[in-house]
Structure formats: structure tokens, C-alpha cells
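Quick notes on the structure that follows.
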Amino acid sequence: MLILQDVSYTHPNREVLFSGINIIVNPHQKIALVGNNGTGKSTLLKLMSGVLPVSGGAVKTNSKTYYVPQIVGQYNNSTVAEALLVSDKVKAFNEILSGQANDDNLLALDDDWSIEERYYEALEHWKLEGIDLSQSMSTLSGGQKTRVLLAGIRIHQPEIVLLDEPSNHLDAESRELLYDYVRNTRNTLVVVSHDRALLNLLPTVYELSEKGITAYGGNYEFYEEQKKLEGEMLKLELQNREKALRKAKEIEREAVERQQKLDARGKKKQEKAGLPTILMNTFRDKAEKSTSKLKSVHAGKIEGLTQELSQLRSTLPATDKMKMDMEHSALHKGKTLIATRGINFGYEDQPLWTEPLSFEIVSGQRLAIQGSNGSGKTTLIKLILGELQPKEGTITKANFSSIYIDQDYSLIDNKLTVYQQAQEYNPGELQEHDVKIRLNRFLFGPEDWDKPCLALSGGEKMRLMLCMLTIGNQAPDMVLLDEPTNNLDLQNIRVLTDAINEYRGTLIVISHDRYFLEEIGVEETIFLR
């Protein structure tokens with residue numbers, strides 16, 4: 001069992017990330033932890049694992065815990081054994097076998113005589129045969145590094161497993177191994193992920209937000225349905241508040257007009273009666289005070305409704321605030337853009353693919369490119385773009401415009417500010433305030449305009465790319481995306497999905513995210529072997 005009691009975490013700069021977190025994770029329970037970037041999901045996993053100390057409250061468990069962090073290069077100076085936290089045991093085991101059965105080695109091994117056997121079994125299961133314990137993690141690909149750490153589950157045999165974005169960098173085959181583990185394990189699981197196929201395997205969702213932690217009694221699809229219902233209720237509440245505000249303003253206008261008419265009639269009667277000027281001034285002052293008091297009463301009601309409306313609008317999801325507003329591709333649907341006949345590529349005369357590729361890409365098509373790590377997916381993109389030429393076969397290209405958005409959003413110049421980068425895509429038709437209006441629409445407010453692009457997260461860079469396309473106004477004829485959902489939170493994946501579904505040109509996507517590919521309507525797939 002894992003218990004979090006009134007847990008809080010404060011950054012070293014004294015900024016509170018979250019507080020008052022209470023969770024009970026029961027034995028064998030499987031939980032998905034979701035929330036927007038910046039809410040503290042990864043930090044919460046680190047607190048659960050003991051990697052970070054809590055700032056307040058307590059984390060309690062009497063069970064063995066194993067934590068798999070996101071892979072971001074932090075193990076490049078470690079060996080495989082060090083990354084798996086078994087270097088001391090393995091060293092002691094080998095020294096004992098060589099005859100050095102001293103107290104230090106026996107204490108380090110702790111009677112774990114099957115450590116090496118479990119290691120090789122685990123690596124075989126995760127398709128990592130041939131990787132040595134003394135090998136540097138820097139020599140491995142991102143997918144291999146993730147699988148090495150996942151292999152640690154079999155090696156350490158914990159009761160509680162904490163996984164932070166475990167499917168990042170994994171190809172389709174490795175993802176299936178991960179999904180099988182999640183389906184069949186008896187381990188207690190807490191998983192942070194944006195992989196919705198993985199999240200749907202977990203029967204309980206916890207959402208971490210500014211409000212704290214909220215439990216949803218179902219998998220991710222159930223959670224999405226609940227969030228959709230909450231969104232519809234929010235929109236209905238907005239409509240009711242807007243209606244109430246319009247009504248309050250109308251009542252105020254009618255009341256003031258009615259008061260002014262009464263005052264005008266009274267003034268005429270007073271003038272006909274020939275009252276002295278001093279008395280007339282007294283009546284006029286009373287009328288003005290009466291009108292002012294009336295306006296004040298209604299102004300208070302209107303101010304209250306306006307504040308409530310503003311607060312409700314601030315809780316609208318980002319997807320409801322952003323819209324792709326640009327001209328669609330002018331190419332007629334079905335026009336042949338790319339035709340290949342028996343193409344292959346290679347390095348040092350070694351063909352990249354076991355079978356040459358032949359395919360056509362037509363305007364309006366939605367196509368996925370899939371294959372294991374190292375199968376040449378990015379190489380094929382470069383062949384399509386004309387950046388590389390095939391070593392055999394032919395490629396015929398029509399005249400069309402395209403944009404390639406890689407995993408690192410390399411089209412964004414990290415030396416520029418957000419506003420300067422947006423201006424790079426301005427054809428000169430938009431004034432400064434128009435560019436800033438569009439930046440606002442994609443959640444870049446005045447406080448972000450002078451921020452360097454280097455400081456942006458993956459999700460922010462993706463939103464800036466989408467904003468740049470709207471500033472350019474004319475959509476490219478072809479958009480090519482390389483693993484677009486990697487490193488995006490669920491909110492930004494939804495933003496990207498909605499934007500792609502508004503796009504009417506040709507789409508080519510490298511992705512292992514089946515859920516994402518279904519949502520954007522991919523029709524065909526090129527498999528690389």
C-alpha cells in the first residue's frame with residue numbers, strides 16, 4: 001500500500017507546486033496520473049518513489065518500490081548496471097565467484113544469487129540481447145534506454161512500480177510488450193503518460209490540477225467522457241451567466257430611462273407651477289441623486305456577474321480558445337504529388353530496406369510511416385522532401401509546398417523571442433497588433449511575447465508552430481510530422497489533433513500512437529522493414 005497524507009512540494013525558489021495531496025493506492029491497484037504540463041505529475045512520482053523529499057505531509061509505504069523516470073539523457077554517464085542500480089551486487093557476485101568471498105562482498109550481494117540470471121532473462125524479454133552490464137548507456141538509443149529501465153522491474157521484483165512516460169521512444173513492438181506487462185502484472189502501478197492506448201489499460205484515473213487531485217472511477221476514455229460532460233456544463237453555465245448579464249444591463253437601461261422620464265415630467269410640472277429657482281435646484285439635486293443611486297445598485301449587480309463570467313471563461317479548456325483560421329491548400333484532391341518506383345537507400349552500399357519501396361502520395365491523403373527504431377522512417381521523409389536522393393529506383397515529384405515539423409521543432413529559432421519568431425512567418429499583411437492577437441489566441445499573452453523560444457516547452461513550441469501557420473495564412477499543400485505526440489501532454493495533444501483535423505491538405509505522419517492516428521483519420525500506412 002502507498003499512502004500520501006497532506007503532501008505538498010515547494011520549489012527551491014519557494015514557489016508552491018502543489019499542496020494538500022491525499023492519495024491511498026491499494027495493493028494491485030493500477031492508476032493513471034494525468035494533468036497538464038507544469039501541474040507536477042513527474043514531481044509527484046518522485047515524491048512517491050522517495051527520489052525527492054516532500055516539503056510537507058508524508059509518504060508512507062511498507063512495500064518495495066521501483067521508479068522508471070522519463071529518459072532525457074540523465075544516464076549517459078552511467079553503465080547499464082549503474083542505471084539499473086545493480087552494479088554493486090553484480091560486482092560482488094563476480095568477485096565471490098572468483099574466490100573473494102569476503103564479508104563486504106557477501107553483505108553487498110545480500111544472498112541475491114540469481115541477480116545475473118534475472119538480468120539476462122529481463123533483457124531477453126525486452127528484446128535487448130547482447131547488451132552488457134558494463135556497457136555505457138550513452139551508446140544506446142532512446143528506446144533501448146527505456147527498455148533497459150523497464151527490464152529493471154523483472155530484476156528488482158518490486159510490489160509498487162512508478163512509470164513516467166514509459167512509452168516515449170518505444171517502437172510498436174516494444175509498446176506491445178509494455179501494454180502486455182500493464183495488462184497482466186500483479187504489481188501496483190502508478191503511470192504518468194500521454195499514450196492514450198496505455199492509459200486505457202489502467203482502470204482508475206487521477207487528475208492533478210491547480211485544484212488538487214481528483215479521482216475518476218474509470219479508464220481514460222471514461223475520464224474523457226466525464227471531462228466532456230464537465231465542459232458542456234461549463235458552457236451551459238457560461239451561456240446562463242451571459243444571458244443574466246445581458247438581462248441585468250437591459251433592466252438597468254430600462255430603469256434609468258424610466259427614472260429620467262419621471263424626472264423630466266416632474267421638472268415640467270415644477271416649471272408650470274412657477275416654483276422659485278432655489279426650490280427647483282433642490283428638486284433637481286434630489287432627482288440626480290435618485291438616478292445615481294439607481295445606477296449604483298445596478299452597477300453592483302453587473303460587476304458581480306461580469307466577474308463570475310470572467311472566472312468561468314478562464315476555466316475554459318485551451319482547445320476551446322484556439323482555432324486554425326487560414327486558407328486551405330489550393331491543390332485539387334487526388335492529384336499525384338509523389339510517385340516512387342523501387343526506391344531504396346543505404347550507407348556504405350548496404351541497402352536500408354529489405355524490399356525496395358513503391359508507392360504514390362496524392363493530394364488530400366493521410367498517410368502514416370511506421371517501423372522499428374532504426375528502420376529509416378526519417379530517411380524516407382527526407383527522400384520525399386528531396387533532401388536525399390535514392391541509391392536505387394526513382395522518385396517523381398509534382399510542384400507543391402510543404403512543411404516538415406520534427407520532434408525538436410527545428411523550424412523555431414531558439415535565438416528569437418516568441419514575437420520575433422511569429423513575425424518570421426508574417427507575409428507583411430498583418431500589423432503588429434494583429435500578430436499579437438493571434439499569439440493571444442494560441443495562449444501566448446503579453447508576458448510571453450519577449451520570452452526566448454529556447455525557454456519554451458515542447459507543447460508551447462507546438463502551439464507556436466500552429467500559430468505561425470495561421471499567421472502565414474496559406475496552409476502548405478503537405479504537412480509532415482515526425483513523432484508529433486512525443487513529449488506533449490494530453491491537453492496539447494488535443495490541441496494538435498483538433499488543428500490537424502481542420503487541415504485539408506496532405507498529411508504524412510511518423511507515429512506509433514495508434515489512438516492519435518485513428519483520431520486524425522489516417523487512411524494508409526507504409527511499413528518499413
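Answer yes or no as to whether Ile153 is aliphatic (A, V, I, L, M) and either over 27 Å from Val25 (Cα atoms) or free of Cβ contacts under 8 Å to residues at least 24 places away in the same chain (or both).
Criteria not met by Ile153.
Considering only residues that are free of Cβ contacts under 8 Å to residues at least 24 places away in the same chain and part of a helix (DSSP H, G or I), which ones fall in region 179-211?
Tyr179, Asp180, Arg183, Asn184
Which one of these is open to solvent by 60 Å² or more (accessible area, probe 1.4 Å), at pLDDT 80 or above and either farther than 30 Å from Thr43 by Cα or touching a Lys or Arg at 6+ places or on another chain (Cβ under 9 Å) (or both): Lys243, Lys268?
Lys243
Search region 512-529 for residues that are under 19 Å from Asn168 (Cα atoms) and pair each with any residue that is at pLDDT 90 or above and assigned to a strand (DSSP E or B) when their beta-carbon atoms are under 6 Å apart and the residues are at least 6 apart or on different chains.
Leu517/Ala368
Among the candidates Leu123, Leu150, single out the residue that is part of a helix (DSSP H, G or I) and under 30 Å from the mean Cα position of the chain (by Cα).
Only one candidate passes the filter, namely Leu150.
Being aliphatic (A, V, I, L, M) and open to solvent by 30 Å² or more (accessible area, probe 1.4 Å) is the filter; apply it to region 63-102 and report the residue that is farthest from the chain's Cα centre (by Cα).
Among them, the one singled out is Ala101.
Can you work out which of the residues in region 426-466 that are acidic (Asp, Glu), outside any loop (DSSP other than H, G, I, E, B) and modelled with pLDDT of 90 or more is nearest to Asp498 (Cα to Cα)?
Asp434
Does Asp408 count as surrounded by 15 or more Cβ atoms within 10 Å (Cβ to Cβ), acidic (Asp, Glu) and either at pLDDT 90 or above or within 20 Å of the chain's Cα centre (by Cα) (or both)?
Spelling it out, it is not the case that Asp408 is surrounded by 15 or more Cβ atoms within 10 Å (Cβ to Cβ), acidic (Asp, Glu) and either at pLDDT 90 or above or within 20 Å of the chain's Cα centre (by Cα) (or both).
Condition (residue is open to solvent by less than 10 Å² (accessible area, probe 1.4 Å) and either at positive phi or assigned to a strand (DSSP E or B) (or both)) applied to region 164-178: is it met by at least one residue?
Checked against the condition, which is being open to solvent by less than 10 Å² (accessible area, probe 1.4 Å) and either at positive phi or assigned to a strand (DSSP E or B) (or both), region 164-178 yields at least one hit.
Right, Ala108: out of contact with any strand residue (DSSP E or B) (no Cβ under 6 Å at 6 or more places or on another chain) and modelled with pLDDT of 95 or more or not?
For Ala108, the condition - out of contact with any strand residue (DSSP E or B) (no Cβ under 6 Å at 6 or more places or on another chain) and modelled with pLDDT of 95 or more - is not met.
Going by the conditions given, is Leu383 in contact (Cβ under 8 Å) with a residue 60 or more places away in the chain and open to solvent by less than 20 Å² (accessible area, probe 1.4 Å)?
When the stated conditions are applied, Leu383 does not pass them.
Name every residue in region 439-494 that is free of Cβ contacts under 8 Å to residues at least 24 places away in the same chain and over 20 Å from the mean Cα position of the chain (by Cα), in order of residue number.
The answer is Pro446, Glu447.
Taking Asp413 as the residue in question, decide whether it is of a type outside the set (S, T, N, Q), free of Cβ contacts under 8 Å to residues at least 12 places away in the same chain and open to solvent by 20 Å² or more (accessible area, probe 1.4 Å).
no
Those residues that are touching a residue at least 40 places away in the same chain (Cβ under 8 Å), farther than 13 Å from Ile213 by Cβ and assigned to a strand (DSSP E or B), I need them from region 4-56; list them, please.
Thr10, Lys30, Gly56
Is there any pair linking a residue in region 115-127 that is farther than 21 Å from Ser141 by Cα to one that is outside any helix (DSSP H, G or I), with Cβ under 8 Å and at least six apart or on different chains, and which?
Pairs that qualify, where the first residue is farther than 21 Å from Ser141 by Cα and the partner is outside any helix (DSSP H, G or I), are Ile115/Val86; Arg118/Gln157.
Return only the number of the condition from (1) open to solvent by less than 70 Å² (accessible area, probe 1.4 Å); (2) in contact (Cβ under 8 Å) with a residue 60 or more places away in the chain that Thr214 does not satisfy.
Status for Thr214: all satisfied but (2).
Condition first: open to solvent by less than 60 Å² (accessible area, probe 1.4 Å) and within 24 Å of Leu198 (Cα to Cα). Can you find one or more residues in region 12-27 that meet it?
yes
Does region 219-235 contain any residue that is open to solvent by less than 80 Å² (accessible area, probe 1.4 Å), under 26 Å from Ser511 (Cβ atoms) and not in a helix (DSSP H, G or I)?
Yes, region 219-235 contains a residue that is open to solvent by less than 80 Å² (accessible area, probe 1.4 Å), under 26 Å from Ser511 (Cβ atoms) and not in a helix (DSSP H, G or I).
Testing Ile520 on (1) open to solvent by 10 Å² or more (accessible area, probe 1.4 Å); (2) out of contact with any Phe, Trp or Tyr (no Cβ under 6 Å at 6 or more places or on another chain), one condition comes back false. Which one is that?
(1)
The values are calculated or read from the model by the stated rules, or taken from the named source; none is laboratory data. The structure presented is a predicted model; accordingly, all values stated were derived computationally and were not measured. All Cβ positions, even for glycine, are placed from backbone atoms using ideal geometry, and neighbour counts span all protein chains on display. Keep in mind that these areas ignore ligands, DNA and RNA; they rest on the heavy atoms of the full protein, side chains included. Shrake-Rupley method; radii C 1.70, N 1.55, O 1.52, S 1.80 Å.
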